[in-house]
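Notes for the one structure printed next.
The values are calculated or read from the model by the stated rules, or taken from the named source; none is laboratory data. Quantities reported herein were computed from a predicted structural model and do not represent experimental measurements. Methodologically, a virtual Cβ is constructed for each residue, glycine included, from the backbone with ideal geometry; neighbour enumeration extends over all protein chains shown.
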Amino acid sequence: MSHKNICVIIPAYNVADTIGDVVKGAYQSVSKVFVADDGSSDATAENASKAGAVVIRVKKNQGKGNALKLLFEMATQKGFEAVISMDGDGQHDPEELQRFINAHQKNPDKIIVGSRMHAKEHIPRARYNSMHVARFFISLAANQFIEDTQCGFRVYPLKLIQRMQLTQNGYVTESEILIKAGDMGEKIDFIRIGAIYGEIRSHFRPVLDVTAITTYIISYFALKYFMEGIFSDKPDTYHQGNLRDKFAENRLTDAFYKLVTVSVGIPLNTIHFLMYAAGGKFIQNNFASVRRLGHGFYKITLASLVLPLILMIIICEKLLASINIELKIVDGFIEKFYPHLWGS
C-alpha cells in the first residue's frame, strides 16, 4: 500500500513554539499534513502553514474532538484512506511515524494506538493514574484490552470512522472512537512508543477530563450492559445511530442522559450484577463480553463502586499538595481495584 493513501492530522491549540517542527518532522514520512488550529491565541496557525501544513482555522476553541472531526472530514474529501493523528505540542516523536505506517500496511483495517504505559517512570504520576483508570473501563466497553487508551498518536482507517456516529467533544471523542470500534467487533492494535513529557504543557486535565470520559463511559455501559443482559452471545452491541447516539444528537438530552445514568450508577450496576448472576440461568451466555474474561462480574462492580472514592482521594491529594503535603494513597487503590482482567 502506498504512503500516498495516508496523511497526518494534527489538532492544535496554542502550540506555536512546537507545531512547526512537528509538521516538518511529519513531512519526512507522509506527503500531506493537515492541522486544525482550534481557536489559538498565538501563532499556531501561521507557524503550521509556514511549515507546509494545510490549516483549518476554527475561530473559537471548541476542543480536540471537534478538531478531529473536521480533520477526518477534510482527509476523506481529499481522498485519503487513513490518517495518523498526532499532537502538536511535541509529545509525539515524528521519527516514530514510519512504525505506524508499517503497522498500518500490515493491518489496514485496524485502529492502531501508541502506548506509553510501559514507561511509567517517565509519565507524571497523576497522569499515569488517570490513564490506568480510563484504560480499565474503556477496555471493558471495547471488549478487549487496549494498553494505552489516552494516547493521541494513532492510525485511523477512515472507512471505520465513517461507520460510527461521533457525538462527543473534547478528549472524550478519542475514547468514544475506541469504545465504538471495539463494540462493533473491530480489533484494536497498539505499538509501544516513547513517553515524552519534560517541560511540555498538556491541555489534558487529569481530574476534569477523566471525569468527563468516565461520565460518558457510565452512560455507554447503561445501554450496552442492558443489551448484553437480555440477549444471548451479544458482546458487540454498537451500531451507528443506536439509542445512545440518538440521545447524543441533542446537547440537552445527552447531558440529561448522562446525569441520570451517573446518578443511578450504583443501583444500576447492582441491577447489572443481578442480571448477570440470575439472568444467566435463563439466557445462555448473556453478558458475553464479561463472561469470556472469566472473572465474574464482582470485580467490575467493585471498580465502579470505588470510582467516586478514587476521585475524592485524587482531589484531596491535589489540595494537600498545594500546601506542600505529599500523599500517594491513591496509587494502591488503583492497583488493587483496576486490575488487568484480560490476561498477560
Filter the stretch 166-187 for residues that are of a type in the set (A, V, I, L, M, F, W, C) and touching a helix residue (DSSP H, G or I) at 6+ places or on another chain (Cβ under 8 Å); the one that is surrounded by the fewest Cβ atoms within 10 Å (Cβ to Cβ) is L166
Which residue is nearest to D109 (Cα to Cα), if the candidates are limited to the stretch 1-45 and must be at pLDDT 95 or above and among the basic types (K, R)?
K32
Take the residues in the stretch 169-221 that are under 20 Å from I84 (Cα atoms) and of a type in the set (V, I, T), then tell me which one is modelled with the lowest pLDDT.
I196
Evaluate the following for I56: is it more than 16 Å from T173 (Cα to Cα) and either part of a strand (DSSP E or B) or touching a helix residue (DSSP H, G or I) at 6+ places or on another chain (Cβ under 7 Å) (or both)?
yes
H92: passes all of (1) in contact with a Lys or Arg (Cβ under 6 Å, 6 or more places away or on another chain); (2) closer than 11 Å to V22 by Cα but (1)
Name the residues in the stretch 306-332 that are over 17 Å from L208 (Cβ atoms) and either under 22 Å from the mean Cα position of the chain (by Cα) or not assigned by TED's automatic domain parsing to the domain that holds Y225 (or both), would you?
V306, D331
Considering (1) under 10 Å from I9 (Cα atoms); (2) surrounded by fewer than 17 Cβ atoms within 10 Å (Cβ to Cβ); (3) not charged (D, E, K, R), say which one A53 fails and leave the rest.
(2)
Given (1) more than 10 Å from the chain's Cα centre (by Cα); (2) among the charged types (D, E, K, R); (3) not in a helix (DSSP H, G or I), number of the condition D148 does not satisfy
(1)
Is it fair to say G88 is under 22 Å from A195 (Cα atoms) and in a loop (DSSP other than H, G, I, E, B)?
yes
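Quick check: is even one residue across the stretch 24-31 assigned by TED's automatic domain parsing to the domain that holds N169, closer than 14 Å to D87 by Cβ and assigned to a helix (DSSP H, G or I)? Before you say what the answer is, go through the steps one by one.
Restricting attention to the stretch 24-31, the residues satisfying the condition of being assigned by TED's automatic domain parsing to the domain that holds N169 are 24-31.
With closer than 14 Å to D87 by Cβ added as a condition, the list becomes 25-26.
The next check asks that each one be assigned to a helix (DSSP H, G or I); those that pass are 25-26.
Looking through the stretch 24-31, at least one residue is assigned by TED's automatic domain parsing to the domain that holds N169, closer than 14 Å to D87 by Cβ and assigned to a helix (DSSP H, G or I).
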Whether any residue in the stretch 100-107 is outside the structural domain of M312 (by TED's automatic domain parsing), assigned to a helix (DSSP H, G or I), aromatic (F, W, Y) and closer than 22 Å to I314 by Cα is what I want to check.
no
Considering the stretch 300-334, residues that are charged (D, E, K, R) and in contact (Cβ under 8 Å) with a residue 12 or more places away in the chain, and then whichever is nearest to E147 (Cα to Cα), we arrive at D331
Unique match (being more than 14 Å from the chain's Cα centre (by Cα), surrounded by 17 or more Cβ atoms within 10 Å (Cβ to Cβ) and of a type in the set (D, E, K, R)) among K110, K78, K60:
K110
